[in-house]
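First up is the structure itself, then whatever we jot down about it.
FYI, it's all coordinate maths here, none of it is from the lab. This one's a predicted model, so the numbers in the text were calculated from it and none came from an experiment. Every residue, glycine as well, gets a Cβ built from its backbone with ideal geometry; the counts of neighbours run over all protein chains shown.
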Amino acid sequence: MVLAKIQENIAAYKAWLKKERAFPAAYQWEILQTAQQHWDLTANPLSHMLDQCLQNSHSRRLWQDGNWQPKRMMMLFMDFEPEMVRAMFEDLFNEKHAAENRASRFVFGCDALLAEYKRANPTSIENNHDHGDFRMVALYLALQFPEQYAPYDFEHFREALIRLGARDIPELNDLGRYFKVLRTLMTFIEKDEELPALIAPYLKAHKHFQGRTAWLAADYLRFIAERDDNNHLKVKPWAFSGRVFQLIRASHAPLPVDQANLYTVPSLQLIRPICTPCIRQAWLTRPDI
């Protein structure tokens, strides 16, 4: 990665945060706090423990997105073979071995559990445990060791590497490299005293995780991957809450769409006459991002 590009993007990230009236990723710090309070591999039933850990009033996207439902599948496995699942998590959290190797073994364990479950339940329609892309495995690690790991999105990671001028851009999942990049970026982020101060007002002690976390580096990568040349984040159409579309439809205003068929934050300026406070609030609290 090119040092100048890292620093340039940190400056852009700070400028973007200053324009926001909230820290959009704060809900992730809430998820982290909840999981830290409830995670317990000795709990019985395990599925209830996992369900308590993965709760959030704002978004479930880290563990559920359309047909991708790894939380539901892991709860099913926990009820089916709780001791095997305990052993899998104990191995995943064993820091004596490389994270990418532990993650691969965990996915192999999920493969075996799914095969066993289908043998025991031949009429089951379950055909995918939804852990194979490593997103959920990275989340488990990030909830257990937030200083070292963070949620993973391969497309964001790859695009951010390209924009940071990295060499050897990966074509397939590379969880080990992702975690190494997080550690590198955290050294730059922590040298910038202003950046942590920008998000601190939005992280409440009773609700959000307060410790050092690589999740900030992950959000920085997401910002790099999604920003355009004007320092705005491109957002897919469904990222708007239903409330925004209700307001648009009620006003008979045309939908603001750019040439890439993506909504952007500046698009809110086009529909400001409708109900600016309501639209802004809907944007900041959208439940489906």
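At 0.36 nm per residue, and after removing the present C-alpha to C-alpha distance, how many nm does the segment from Arg212 to Glu83 gain when stretched out fully? Numbers along the way, then the final one.
Working: separation 129, 0.36 × 129 = 46.44 nm, distance 3.20 nm.
That pair, Arg212 and Glu83, stretches by 43.2 nm at full extension.
Rank these for me by crowding, Lys118, Lys71, Lys96, going from fewest to most other beta carbons within 10 Å.
Lys96, Lys118, Lys71
Quick check: from the Cα gyration tensor, does the range 156-228 come out rounded (a/c under 1.5), prolate or oblate? Before the final figure, lay out each step's value.
Details: a/c = 2.15, a/b = 1.97, b/c = 1.09.
Prolate is the answer for the range 156-228, as a/c is 1.5 or above and a/b outweighs b/c.
If we restrict to alpha carbons, what Rg and Dmax does the range 47-199 come to, in Å?
Just the Cα atoms of the range 47-199 yield Rg and Dmax of 17.1, 57 Å.
Determine, for Ile199, Ile162, the number of other Cβ atoms within 10 Å of each Cβ, and report the residues in order from fewest to most.
On the way: Ile199 18, Ile162 12.
The most exposed by this proxy come first: Ile162, Ile199.
Can you classify the range 52-120 as rounded, prolate or oblate using the Cα gyration tensor, where a ≥ b ≥ c are the square roots of its eigenvalues, rounded means a/c under 1.5, and otherwise it's prolate if a/b beats b/c and oblate if not?
Oblate.
Quick one: net charge around Pro151, please, counting Lys, Arg +1 and Asp, Glu -1 for every other residue with C-beta under 10 Å from its C-beta.
+1
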